[in-house]
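Reading through the structure tokens given below for one structure.
The values are calculated or read from the model by the stated rules, or taken from the named source; none is laboratory data. Here the structure is a predicted model, which is why all the values come from computation and not from measurement. So basically every Cβ, Gly included, is an ideal-geometry build from the backbone, and we count neighbours across all protein chains shown.
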Amino acid sequence: MAPIVHSFDPPDRFVAGTVGEPGQREFFLQAREGRRVASVSVEKQQVAVLASRIDDLLDDLMGSVETDAVIPAMAPRDLVDNDPLELPITAEFRGGTMTLSWDAGDERVVIEVFPIDESDEPLDDADPSEIFLVRMTAAMARVFVQRAESVVSSGRPQCPFCGGPVDPQGHLCVRANGFRRRSL
């Protein structure tokens with residue numbers, strides 16, 4: 001059976017966002033084209049890695065003589081999106097494997113998100129049931145990176161000693177032999 005493809009080419013909006021309080025947040029990738037909206041639930045680390053990889057890809061393209069596209073070094077101010085996620089937030093699926101590429105012909109960053117495979121079949125033999133596909137301009141990709149980095153860093157503060165998250169009531173710091181550290 002052919003997979004369900006949630007395709008946005010290009011989206012009017014593509015953002016990372018959260019629901020919940022720091023320490024209890026759920027992370028989402030969300031795309032909108034017209035009135036059609038799709039959200040995929042992901043892990044914080046996935047958002048951080050995706051933003052980092054997109055940033056690296058765009059930086060590489062900026063220095064490439066083979067790229068004719070205009071690749072902005074920073075997010076264009078007129079495209080910055082700090083609005084909340086579109087409501088209601090209903091995840092199409094839980095994101096697992098992601099792919100990132102550059103389509104030179106269309107001058108688009110291409111992101112594919114596949115659901116977590118919870119079957120016992122090897123990943124090579126399993127066809128995904130759904131795909132979340134976003135094809136966006138380099139400028140929109142820079143804006144995504146800026147927002148994703150902001151969303152990831154807006155959680156609990158990090159312990160200056162061990163780097164772990166510090167709750168308002170503190171945390172047991174492994175570098176302090178188990179003494180409780182308080183947030184600053």
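Structure notes:
- Checking each residue in region 156-184 for being among the basic types (Lys, Arg) and modelled with pLDDT under 70 picks out Arg180, Arg181, Arg182.
- When the residues of region 84-94 are filtered to those that are in contact (Cβ under 8 Å) with a residue 24 or more places away in the chain and not β-branched (Val, Ile, Thr), the one that is surrounded by the most Cβ atoms within 10 Å (Cβ to Cβ) is Phe93.
- Members of region 8-45 that are loosely packed, with under 15 Cβ neighbours inside 10 Å and of a type in the set (Gly, Ala, Ser): Gly20, Gly23, Gly34
- Among (1) outside any strand (DSSP E or B); (2) of a type in the set (A, V, I, L, M); (3) at pLDDT 95 or above, the one test that Val152 misses: (3)
- Qualifying residue in region 73-82 (condition: out of contact with any helix residue (DSSP H, G or I) (no Cβ under 9 Å at 6 or more places or on another chain), surrounded by 12 or more Cβ atoms within 10 Å (Cβ to Cβ) and assigned to a loop (DSSP other than H, G, I, E, B)): no
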